[in-house]
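The values are calculated or read from the model by the stated rules, or taken from the named source; none is laboratory data. Note that the structure is predicted; figures quoted are calculated from it, not measured. Reconstructed Cβ throughout: ideal geometry from the backbone, glycine too, with neighbour counts over all protein chains shown.
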Amino acid sequence: MPDLFFERHVRHVADKMFDLVNDLEDYPRFVPNCKDMQVTRDPAAPGDVRFAKMTIQFGPVTQAYTSRVEASRSARTIVAKAVDGPFSYLDSQWSFEPEGAGTRVRFSIDFKISNPLIATVAESAFSAKQEQIMEAFFDEADRRYGD
């Protein structure tokens, strides 16, 4: 049951970092192992709440899962919880705190894969990839907003 936390100061302002992470539809273009993303609004929820079906691929294994994603610009947070797929649970949170001329970006993810056999192999691979995934967001921020 991995519980991972990443934190970094970036030179881009909090609103831009929030916009980047909240641009779910663009993930397949720059997030490693993300092969597809289908996003729909949650019509029953107030605010910016969406369902995001992400298809990920690790080697020969392809898996899709759906998360309920709630974005709050005023709180500068984006929270996602898996609602289907191979996870017993998957909870993640991004936060963006203005810091100097940039932003303190924090990301946490906690998950457990339902199938014990798959979990033995996939949890460590998924955990190892999280740092590469974080780097992809920071690299994309530099591309979008300038080095």
Yes or no: K35 surrounded by 15 or more Cβ atoms within 10 Å (Cβ to Cβ), of a type outside the set (F, W, Y) and part of a strand (DSSP E or B)?
no
Only residues in region 29-52 that are over 22 Å from R76 (Cα atoms) count as the first member; pair them with residues that are part of a strand (DSSP E or B) and not hydrophobic (A, V, I, L, M, F, W, C), Cβ under 6 angstrom, at least 6 apart or cross-chain, and list the lot.
N33/Q57; K35/T55; K35/Q57; D36/T55; Q38/K53
So which residues in region 57-90 are touching an Asp or Glu at 6+ places or on another chain (Cβ under 9 Å) and closer than 19 Å to A128 by Cβ, if there are any at all?
Y65, L90
Go through region 1-30 residue by residue and tally those that are closer than 20 Å to Q63 by Cβ and at pLDDT below 95.
3
Those residues of region 58-104 that are more than 21 Å from A45 (Cβ to Cβ), loosely packed, with under 14 Cβ neighbours inside 10 Å and among the hydroxyl-bearing types (S, T, Y) come to a total of 2
